[in-house]
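Okay, structure first, notes after.
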Amino acid sequence: MASRIAQIRKSVLTLALPVTVSSLLQRTEGIAAVFLVGGLGATSIAAVGLGQLLAFMATTLVSGLSVGANVLIAQLCGARRTKDVGEAATHLLGLAALIACALVILGLTLNRFTMELLGAEPDVIALALPYSNLIFLVIPCTIFLQVLSSILQGTGDTKTPMYALIAVNLLYLAIAYPLIYGLWGFPAWGLTGAAVATGLAEGTGVLYLLWANRLVFKRSLAMRRDLMRSTWQIGAPVSGERIFQQAGIIIYTKIVLLYGTVTYAAHQVGLSIESLSFLPGYGFAIAAATMVGQSIGAGKYVKAKLENWEANRLATMAMASMGVVFFFFPYILLRAFTHDEAVVELGTVFLRIVAVLQVPLALTMVLAGSLRGAGDTKFIMLATTIGMWGVRVPFAIIAGPWLALDVLYVWSAMIADWTVRMGLLLWRYRSERWKAIRVFQ
């Protein structure tokens, strides 16, 4: 048994570490864009941030397809249905193309309206609109990167997507800087240059992943309705979950804004620091989804439970360690972002609250990954909705606008939210109802 656990631990780490690096690289491209246009002024920074926000909102709708691809491919691989794996990959790529075309049209049509609805200043809109339009024109590359990466991750290959994202980031940095500022004989295109660089870099990444997937894809003579239905059953609740989560965060952020600019600044800086702890959690969640999915596809339920246990243990250790850093060394982390003493003081309170969150957060992320691997995405959407809209938002409203308590109580609503989600997912997992779910026939 000890050797079996050691082998599972090695497999979990082999899958999780590349995903963690990939997650960091996905964040890096957006951060690099803001950093590179910093020399053009605050308006340009705001314009890039606004364009990225709209693109993120659009690609949230695609998250269901990415998760559906990962789970479906993983279970088919576990069942050794090689032909179905190839046909599923082909269908998923075609579905990604259709969704990408719809998002291009939707983005170009609603860009200005959405910016005005968000309250952006006219000078910011004037800069952001051309940039955002170009970003939406190349958004198919972003979607293909996500879906192709998920297909490979479902087969158990998490390293190739990581290599692709390394190449995308390096190429972006090499192209964006001269195109923004007109160096080395290139035209000075400003924000347009940043958008063009995104398209070229991500397009190159897509070509690389298409080549890497060349042995996976198999042409299908007819549309496989069973595969499309399976993808919808897995993916639709995931997209719903992400939409409910983001909508709740918007309301929660508005409540924090009631406490003033300094509090909001501390909140944002704290979130930026806390997001680092999400990287290993996300890596272990994807590893759990892939390994559990493959084991369930092969009918090895005992192995699936061991994989979930080991992924939870490793994620808890990693994120609890980061929680210790957040709790005992908040000043060092916060001063890397700001020297405003008022922000640092409030940020310290925030980081110590999220330090307490790390263990329930780790367990929630990995349990959700394991349940996704089993295809139980509807319950995860239910748990997210209850945690966000049944706990966090009501508690924050009561503590803030209603009772006018200290922001500490509003932030503490996050602890209640994630603890409830953890309890629900733990109950669901231990009930073993996920064993009865059939992703495919």
Quick one: would you say Y429 is in the same structural domain as L351 (by TED's automatic domain parsing) and crowded, with 18+ Cβ neighbours inside 10 Å? yes
Picking from F144, F113, F136, which residue would you name as being surrounded by fewer than 20 Cβ atoms within 10 Å (Cβ to Cβ) and either in contact with a strand residue (DSSP E or B) (Cβ under 6 Å, 6 or more places away or on another chain) or not basic (K, R) (or both)? F113
Yes or no: A222 of a type in the set (G, A, S), assigned to a loop (DSSP other than H, G, I, E, B) and either in contact with a helix residue (DSSP H, G or I) (Cβ under 7 Å, 6 or more places away or on another chain) or within 24 Å of A89 (Cβ to Cβ) (or both)? yes
Out of A197, A266, A212, I need the residue that is farther than 28 Å from A69 by Cα and of a type in the set (A, V, I, L, M). Which one? A266
Checking the conditions here, which among A383, A374, A368 is modelled with pLDDT of 95 or more and closer than 30 Å to A79 by Cβ? A383
Would you be able to say whether some residue in the range 188-209 is farther than 25 Å from L106 by Cβ and among the charged types (D, E, K, R)? no
Yes/no for A265 being modelled with pLDDT under 80, closer than 30 Å to I397 by Cβ and either surrounded by 15 or more Cβ atoms within 10 Å (Cβ to Cβ) or among the aromatic types (F, W, Y) (or both): yes
Can you tell me which residues in the range 178-233 are crowded, with 18+ Cβ neighbours inside 10 Å and of a type in the set (S, T, N, Q)? T198, N213, S230, T231, Q233
State yes or no: is V366 within 19 Å of L17 (Cα to Cα) and touching a Ser or Thr at 6+ places or on another chain (Cβ under 9 Å)? yes
Would you say A287 is touching a residue at least 12 places away in the same chain (Cβ under 8 Å), among the small types (G, A, S), within 20 Å of L426 (Cβ to Cβ) and surrounded by fewer than 20 Cβ atoms within 10 Å (Cβ to Cβ)? no
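The values are calculated or read from the model by the stated rules, or taken from the named source; none is laboratory data. The model shown is predicted, which means the values in this text are computed figures rather than measured ones. When we count neighbours, we look across all protein chains shown, and the Cβ atoms used for this are built from the backbone with ideal geometry, even at glycine.
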